[in-house]
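S.K.: Take a look at this one; I'll ask things after.
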Amino acid sequence: MTTIAVLITIAYLILIGYLIVGFDKIKRFALKDIPAKTKFTVVIPFRNEAEKLPMLLKSISELNYPKALFEIIFIDDESEDHSVEVIKTISKKVRIEETLISIIKNERKTKSPKKDAITAAILKAKHKWIITTDADCVLPKFWLDSFDEFIQQEDCELIVAPLTYSKIDNFLERFQLLDILSLQGSTIGGFGISRPFLCNGANLAYKKSLFNDLNGFDGNTDIASGDDIFLLEKAVLKHKSKVRYLKCEHAIVTTQPESTWKSLKHQRMRWAAKTSAYKNWFGKFVGIIIFLMNGGLMVFGLMTLIGIIKWKVFFYILIIKFAIDALLLFKTALFFNQKESLKSYPLSFFLYPLFSVYIVFISVFKTYKWKGRPYTK
């Protein structure tokens with residue numbers, strides 16, 4: 001058992017170390033204030049987001065980008081609240097031009113409402129570049145400028161961009177922030193080692209022609225989530241050299257963490273439900289190694305208590321994982337300017353393995369709810 005524990009730890013150390021090297025290889029993209037050229041269609045699906053839409057709309061009104069170069073399509077996914085009225089009312093209040101925004105109804109055709117919504121919007125999109133985000137997000141002032149300048153300077157067809165949480169007032173929120181920072185660090189690291197395997201649909205851009213060339217979400221519509229990851233996988237298979245990461249502080253979209261442990265559990269179950277359908281071998285490999293390491297910590301701890309593994313060995317395993325995780329988190333938190341979250345790292349370090357393994361197991365046997373709807377794996 002000691003040999004197994006050591007081998008898993010070494011594999012984990014090499015993997016995270018490799019991602020850290022990749023993180024540093026992706027250089028920060030600095031804006032040069034060049035004239036805007038790219039035309040965008042911003043796609044935003046929503047369902048029952050009346051409380052969060054005002055912040056998004058305010059951020060839209062503050063975008064620096066020329067209004068003639070973008071449009072925004074909201075897709076109402078059978079909202080049961082007054083989300084549509086909020087969009088219309090707040091848009092006028094913050095002085096968003098009527099011609100800038102349109103609201104359409106979702107056309108349900110598959111088991112994935114969000115994929116249906118994005119597909120419906122792309123069919124109506126006027127412009128060649130699509131950017132997706134979520135209704136509970138806030139967009140930075142130079143968001144579109146960042147994508148535009150990157151597109152003008154780089155040969156790309158799909159662009160993954162950064163996302164983080166903006167509200168971190170308690171341990172639950174800092175726990176989630178550390179989790180998303182680790183995911184963002186791994187995302188950037190994957191691009192740095194030419195093994196892109198993660199992205200987030202709340203900040204994702206791609207050419208409309210690429211979406212059509214890849215037949216959209218065909219092949220993954222039986223899975224409720226994954227509009228981002230599965231499209232990334234397809235793009236990497238056909239156009240890997242044109243799939244890029246935009247590491248720019250002006251492109252960072254923010255959203256809010258879950259407010260309760262219960263809602264966090266359902267969110268993570270939704271994320272876990274799509275992992276079995278991943279086709280990217282590196283993504284699967286990363287998931288296996290991380291699961292073995294997190295699950296292994298609990299098993300190794302028990303083995304240490306009953307004397308099968310020596311305390312000294314278990315202590316070294318903890319130190320190695322603590323240190324390598326901390327390094328990746330520190331680099332990512334530095335980029336996102338969120339170093340204050342690291343104060344919750346020691347406690348989160350011990351809690352996260354329990355939480356992640358629990359999510360993996362319950363996602364196999366239980367359904368989950370999202371936006372008031374029940375889903376199965």
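The values are calculated or read from the model by the stated rules, or taken from the named source; none is laboratory data. All of these numbers come straight from a predicted model, not from anything done at the bench. All Cβ positions, glycine included, derive from the backbone under ideal geometry; neighbour counts span all protein chains shown. The accessibility values were calculated without ligands, DNA or RNA, using every heavy atom of the protein model including side chains. Shrake-Rupley method; radii C 1.70, N 1.55, O 1.52, S 1.80 Å.
S.K.: So for the pair GLU249, LEU318, with labels modelled 7 Å out along Cα→Cβ, what separation do we get in nm?
M.R.: In this crude label model, GLU249 to LEU318 measures out at 3.6 nm.
S.K.: Enter the accessible area per residue of the stretch 278-330 (Å², integer; probe 1.4 Å; all protein chains in place).
M.R.: In whole numbers, the stretch 278-330 has 57 Å² accessible per residue.
S.K.: Treating only the Cβ atoms of Lys and Arg (+1) and Asp and Glu (-1) as charged, compute the dipole magnitude of the stretch 217-331 about its Cα centre; round to the nearest 20 debye.
M.R.: Around 300 debye, computed over the stretch 217-331.
S.K.: Let me ask something additional. Run lengths n ≥ 4 of DSSP H only: what is the helix-derived mean residue ellipticity at 222 nm for the chain, with -39500 (n - 2.57) per run over all residues, to the nearest 500?
M.R.: So the calculated ellipticity at 222 nm is -17000 deg cm²/dmol.
S.K.: Assigning unit charges at the beta carbon (Lys, Arg +1; Asp, Glu -1) and nothing else, what dipole magnitude in debye, to the nearest 20, does the chain show about its Cα centre? Walk me through the intermediate numbers first.
M.R.: Values: 53 positive and 37 negative charges, 138 e Å.
Rounded to the nearest 20 debye, it is 660 debye.
S.K.: Still on this model: In whole Å, what is the distance between the alpha-carbon centres of the stretch 225-267 and the stretch 23-73?
M.R.: 15
S.K.: To the nearest 0.05, how large is the calculated FRET efficiency for SER259 and LYS25 if R₀ is 41 Å and r is the Cβ-Cβ distance? The partial results should precede the final answer.
M.R.: Details: r = 36 Å, r/R0 = 0.89.
Computed FRET efficiency for SER259 and LYS25: 0.65.
S.K.: Normalised by the residues of the chain, what does the relative contact order come to in percent, with Cα pairs under 8 Å and at least six apart?
M.R.: On the way: 620 pairs, mean separation 86.0, N = 377.
Relative contact order here is 23 percent.
S.K.: Figure the gain on full extension for LEU13 and ALA326 (residue separation times 0.36 nm, minus the Cα-Cα span) and round it to one decimal in nm.
M.R.: Details: separation 313, 0.36 × 313 = 112.68 nm, distance 1.19 nm.
The span from LEU13 to ALA326 would gain 111.5 nm if fully extended.
S.K.: Here's a follow-up. Taking the Cα atoms only, what angle lies between the long axis of helix 345-365 and the longest principal axis of the chain, rounded to 10 degrees?
M.R.: Rounded to the nearest ten degrees, it is 80.
S.K.: Of ALA117, ILE10, PHE40, which is farthest towards the positive pole of the chain's charge dipole, taken about the Cα centre with +1 and -1 on the beta-carbons of Lys, Arg and Asp, Glu respectively?
M.R.: Positive-end residue among those listed: ILE10.
S.K.: At 1.4 Å probe size, with no ligands or nucleic acids counted, give the accessible surface of SER241 in Å², nearest ten.
M.R.: Number for this one is 90 Å².
S.K.: Determine the gain in length on full extension of the stretch LYS124-LYS93; use 0.36 nm per residue of separation and subtract their C-alpha separation, reporting nm with one decimal.
M.R.: Computed gain between LYS124 and LYS93 is 8.6 nm.
S.K.: How large, in percent, is the carbon and sulfur part of the accessible surface of the chain at a probe radius of 1.4 Å?
M.R.: That share works out to 59 percent.
S.K.: Can I ask one more? Taking the alpha-carbon distance from LYS339 and a cut-off under 29 Å, which lysines remain once sequence neighbours fewer than 8 residues away in the same chain are dropped?
M.R.: LYS25, LYS27, LYS32, LYS52, LYS58, LYS141, LYS167, LYS247, LYS262, LYS265, LYS321, LYS331
S.K.: Further question on the same structure: Rounded to the nearest 10 degrees, what's the angle between the helix 261-273 long axis and the longest principal axis of the chain, both from Cα atoms, 0 to 90?
M.R.: Roughly 90 degrees between the two axes.
S.K.: Using a simple spin-label model with points 7 Å from Cα along the Cα→Cβ vector, what separation in nm is obtained for PHE285 and ALA68?
M.R.: Placing both labels 7 Å beyond Cα along the Cβ direction yields 5.0 nm.
S.K.: Obtain the nm distance between the two label points defined at PHE365 and LEU237 by a simple spin-label model: each point lies 7 Å from its Cα along the Cα-to-C-beta direction.
M.R.: In this crude spin-label approximation the distance works out to 3.4 nm.
S.K.: May I ask what percent, to the nearest 5, of DSSP beta bridges between residues of the chain are antiparallel?
M.R.: 35
S.K.: For the stretch 231-248, take each phi angle, set θ = phi - 60°, evaluate the Karplus expression 6.51 cos²θ - 1.76 cosθ + 1.60, and give the result in whole Hz per residue in order, putting x for glycine and proline.
M.R.: My calculation for the stretch 231-248 gives 5, 4, 4, 4, 5, 5, 5, 9, 9, 3, 5, 10, 9, 10, 10, 9, 8, 9 Hz in order.
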